[in-house]
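Shown next, in structure tokens, is the structure this report addresses.
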């Protein structure tokens with residue numbers, strides 16, 4: 001049976017969702033959906049607590065943000081912020097741009113609603129690429145009742161002697177993880193042996209107060225994942241709706257996470273949409289591909305701001 005799970009911000013929906021298998025001309029049969037059961041793996045390093053909020057983390061530019069205002073908010077110099085983001089022009093930061101906030105910072109007056117929290121890592125897996133690299137995923141579960149933002153983790157590859165051969169910071173496909181939900185952080189290692197072991201350490205995770213969150217409620221409707229006959233791709237489509245009582249959305253994004261029959265992450269894809277007016281909706285249609293074995297389940301997370 002093919003399964004699909006739907007996850008939305010603030011609201012868990014039971015919309016008409018389907019996972020379909022294309023069997024070379026045979027009729028496509030929908031199935032009731034469920035969330036995969038993901039087991040922990042023994043090669044994960046899970047810190048007792050997340051590192052403090054002064055740890056470097058990624059910030060997503062929102063409407064009204066300026067370079068000087070962000071430097072003041074995080075109590076760092078503009079020179080330090082520029083040095084950490086040499087490819088970003090302070091005078092032309094588009095909404096959605098990722099800005100690295102370097103270490104040695106502290107939050108502003110809004111810190112009362114930003115609390116570093118422990119974050120459990122429930123799974124690690126790497127898949128070799130055709131160009132002799134490795135795509136590595138660490139599935140992070142938000143077991144709180146609040147949104148987690150600015151989640152990042154250090155993924156380190158070890159040889160047979162447990163010596164580090166490569167290390168990089170991995171990020172989510174979205175800016176946050178909804179309550180009681182999971183999303184993977186991921187990173188690509190070029191020219192890396194597929195026999196390497198993997199270790200993961202969470203670097204940052206900030207808990208938001210849902211009452212003061214800048215994320216807006218959105219729901220997924222009529223979502224369908226049509227898995228190809230060989231399981232290597234899945235065509236995804238559906239609608240994102242905004243309640244009439246909500247304020248307008250300037251940007252909406254959907255993350256699709258593909259799992260194999262053993263519950264391992266085999267692929268992830270982010271779809272970026274535009275604005276939605278209160279009571280309106282927008283359609284999405286995109287493809288997620290497997291980097292490993294056949295896709296068995298696809299889960300969605302929607303983010304609206």
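List of remarks:
- Using only the C-alpha atoms, the convex hull of the stretch 57-106 corresponds to 68 Å³ per residue.
- Neighbour-count ranking [beta-carbon atoms within 10 angstrom, fewest first] of 141, 214: 214, 141
- Shape class of the stretch 104-257 from the Cα gyration tensor (axes a ≥ b ≥ c, square roots of the eigenvalues): oblate, since a/c reaches 1.5 or more and a/b does not exceed b/c.
- Length-normalised contact order for the stretch 242-305 - Cα pairs under 8 Å, 6+ apart - percent: 46 percent
- Mean separation of Cα contacts under 8 Å, 6 or more apart, over the residue count of the stretch 57-106: relative contact order %: 57 percent
- Computed E for residue 247/residue 222 - FRET, C-beta separation, R0 22 angstrom, nearest 0.05: 0.35
- Put the Cα centre of the stretch 126-151 next to the Cα centre of the stretch 243-305 and the gap is 15 Å.
- Per-residue Cβ neighbour rank within 10 angstrom, fewest leading, 188, 137: 188, 137
- Against the rule of thumb 2.2 N^0.38 Å, how large the Cα Rg of the stretch 236-275 comes out: 1.56
- Inter-label distance, residue 193 to residue 79: 4.4 nm, where each label sits 7 Å from its Cα along the C-beta direction.
- Protection-proxy order for peptides 174-187, 241-254, each taking the mean of Cβ atoms within 10 Å per residue, highest first: 174-187, 241-254
- In this simple spin-label model, placing a label point 7 Å from the Cα along the Cα-to-Cβ direction at both residue 229 and residue 289 gives a separation of 2.0 nm.
- Rounded FRET efficiency, nearest 0.05, which uses the C-beta distance separating residue 161 from residue 91 and R0 of 35 Å: 0.10
- Contour minus Cα-Cα distance for residue 130 and residue 275 (0.36 nm per residue): 48.5 nm
- All-pairs Cα distance distribution in the stretch 212-305, expressed in whole percent, bin size 5 Å: 3, 14, 25, 19, 14, 11, 8, 4, 1
- The modelled label-to-label distance for the pair residue 168/residue 214, using points 7 Å beyond Cα in the direction of Cβ, is 2.8 nm.
- The relative contact order of the stretch 154-278 comes to 20 percent, based on Cα pairs under 8 Å that sit 6 or more residues apart.
- Of the residues 269, 264, 237, the one with the fewest other Cβ atoms within 10 Å heads the list, and the complete ranking is 237, 269, 264.
- The stretch 124-211: proportion of alpha-carbon pairs further apart than 17 angstrom, %: 49 percent
Here, each number is a calculation from the coordinates, and none is a lab measurement. All values derive from a computational prediction rather than experimental measurement. Cβ: placed from backbone, ideal geometry, glycine included. Neighbour counts: every protein chain shown.
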